[in-house]
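All remarks here apply to the structure that follows.
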Amino acid sequence: MTDGARAPEDETPPSDRTPPARGVRVPVADLLPGQTRVFTFDEDGWEQSAFVVHHEGALRVFVNRCPHVPYTLDFGDGELMSPDRRTLVCANHGARFDPATGRCTAGPPIGRALTALAFTRDGDDVMVDVAPHTDGI
Ligand code: FES
């Protein structure tokens, strides 16, 4: 507004308002098999890290937080895969995770799993649902 007039207040009752979108758009068109893409999102004012992994023709999205100790799997360098690009690795204590399921297959948190995030494909991107999760992390 350039004439100093204020925009009208939203008179919609709070209970009728659509909740804010909690999706994060992540480009994946150039993500090759065995590659990952780290992204961040806000969770209650805290920056959180997550990543998309391309594994055996499918995409998966996980919170970038180890179930052993709640550190990111990488040291901030985005390096999440084993040298053969078939396994996710935690840089902290060497735990290995199946990229298809997020389940730990070796290391301290064996039997536990990374937290998966739901997503939908939207052209060259994925829209990741980063709504708060309650699965113990
Ligand atoms: S923090 Fe990941 S294996 Fe210990």
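The figures follow:
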| quantity | calculated |
| --- | --- |
| Karplus 3J(HN,Hα) series, Hz, for region 96-113 with 6.51 cos²θ - 1.76 cosθ + 1.60 (x for Gly, Pro) | 10, 10, 6, x, 6, 10, x, 6, 6, 10, 6, x, x, x, 3, x, 8, 9 |
| Sequence-distant residues sharing a close amide H with E43 (under 5 Å, placed H) | Q48 |
| Cα centroid separation - region 28-51 against region 60-137, whole Å | 10 Å |
| Gain upon complete extension [A113, W46; 0.36 nm per residue less C-alpha separation] | 21.9 nm |
| Shape category assigned to region 22-129 from the gyration tensor of Cα positions, a/c cut at 1.5 | oblate |
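Taken together, the values in this text are just the output of simple stated rules run on the coordinates, not laboratory data. This structure is a prediction, so every number in the text was calculated from the model and none was measured.
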